[in-house]
Amino acid sequence: MTRLLRSALVIARRDFAATVLSKAFIFFLLGPVFPLLLGGVFGGIGAQVASQTEQPVVAVISSQTDFQRYSASRDRLANALHDDSIVRLVHYDPAADVASQQKQLLTSRKPPIRAVLTGGLANPHLTGSVGEDNAVAQLELILTDARNPASQATDISVTDTKTATGAAAKDQAFTGQIGQMLLFFLTILLSGMVMSQLIEEKSNKIIEVIAAAVPIDALFIGKLFAMLAASIVGIVVWISAGALLIQMISSGGVRSLPAPAVGWPGFLALGVAYFAMYYLLLGAAFLTIGAQASTAREVQTLSMPVTFAQVLIFGFAATTVGRPDSAEAIAATIFPLSSPMAMLARAAQEPAWWPHIAAIVWQGIWVAVILRIGSRLFRKTVLKSGPRAKWWKLRRA
């Protein structure tokens, strides 16, 4: 056992130094920046396009006096709700032939008019395609307010306590959801490193030289923990840079984010612990897959079912957000591959610590079991990196 641990430490130190001290590790740390920038740019463009195309435009054919009352009512409604979700009103003076004017407006593209409101305040009539949204209900509210302009909104005295249970539960559920997504995507992204490194060493026959000097189990465990340590270094850098960025662009800094129930220090510590457990569980599976394959194409073919299965497991764990004591949440906590994600969401919503201690012990047992199974499969297949014999030749022999 002592020789196994010592050999695993040697392999882990070798792979960790080769990964972290290489020039490529700098580009590895910069890797998430480009998807975030592209996601922000295209997300902003998509939101702007959606805002411009989804906001209904209603042409109002009326006198200037009636339209001013319409517009004032619309502005009051927009102040209470999000402005992009309120219909946009465009004024047109009545023409000699209102029916022809209405038909012409409905075929106009600049602006793209959804409906035409005629009749003024006395006898309003709406014509157009408004059956699939709430534009009619909004116009009814606007019309009701426009007909009674003397009625003023009542001022309500407000005392902001910042400790309402409903608001805190909603914010903490959002924090748990974000934590689950980060845990899932970081683990999926980083666990593939062990496969690529293993395939490279198998193709260069380096792994056979190493296997002659150390036990195969130590090689398996050392590689897995080396990539775990390199991934944690990357995560620490990303979290520090993200916290600094939030502190710079936000007046409240990190404190302005929804605080988890266990507090930010405890939540971040549990996040690292659950990432380590999730990475060891999933990384052992990927490392075992890498031992079965001889080429990068075979790795992609074999790892695809595991990746899709993890997406389904992530969806199962995501259903527990907001319901930490439900039957689904308990089942997701017991199942080892969804337990880290379910428990991280629980840390954002429940302040108790004993479930996390029990969950980490439970996950540690499964890590030991999967490492044992994976190391046995790894031992059987890692040295079989040469060309495979044809099945008919094996039968003839």
**Report entry** Close pairs (9 angstrom Cβ cut-off, 6 or more residues apart or separate chains): farther than 15 Å from THR320 by Cα in segment 174-188, crowded, with 17+ Cβ neighbours inside 10 Å and polar (S, T, N, Q) anywhere
**Finding:** LEU186/SER231; THR187/SER231; THR187/GLN310; ILE188/GLN310
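Which is at pLDDT 80 or above, under 16 Å from VAL57 (Cα atoms) and aliphatic (A, V, I, L, M), of ALA115, ALA96?
Sole residue among the options that is at pLDDT 80 or above, under 16 Å from VAL57 (Cα atoms) and aliphatic (A, V, I, L, M): ALA115.
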Report summary line: Going through segment 109-123 in order, the residues found to be over 17 Å from SER73 (Cβ atoms), touching a His at 6+ places or on another chain (Cβ under 8 Å) and among the hydrophobic types (A, V, I, L, M, F, W, C) are none
**Report entry** Residue among SER108, SER7, SER85, SER62 that is over 30 Å from ALA213 (Cα atoms), of a type in the set (Ser, Thr, Tyr), surrounded by 10 or more Cβ atoms within 10 Å (Cβ to Cβ) and at pLDDT 75 or above
**Finding:** SER62
Query raised in the report: Quick check: is even one residue across segment 276-291 modelled with pLDDT of 70 or more, part of a helix (DSSP H, G or I) and either exposed (fewer than 13 other Cβ atoms within 10 Å of the Cβ) or among the polar types (S, T, N, Q) (or both)?
Result: yes
Report task. Output the residue which, of all residues in segment 10-19 that are surrounded by fewer than 19 Cβ atoms within 10 Å (Cβ to Cβ), under 34 Å from the mean Cα position of the chain (by Cα) and not basic (Lys, Arg), is modelled with the lowest pLDDT. Result -> ALA18
Query - Candidates ILE239, ILE207, ILE246 - the one that is within 19 Å of the chain's Cα centre (by Cα), part of a helix (DSSP H, G or I) and modelled with pLDDT under 70 - result: ILE246
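The values are calculated or read from the model by the stated rules, or taken from the named source; none is laboratory data. Model, not experiment: these values are computed from the prediction. Positions of Cβ are backbone-derived with ideal geometry, glycine not excepted, and every protein chain shown enters the neighbour counts.
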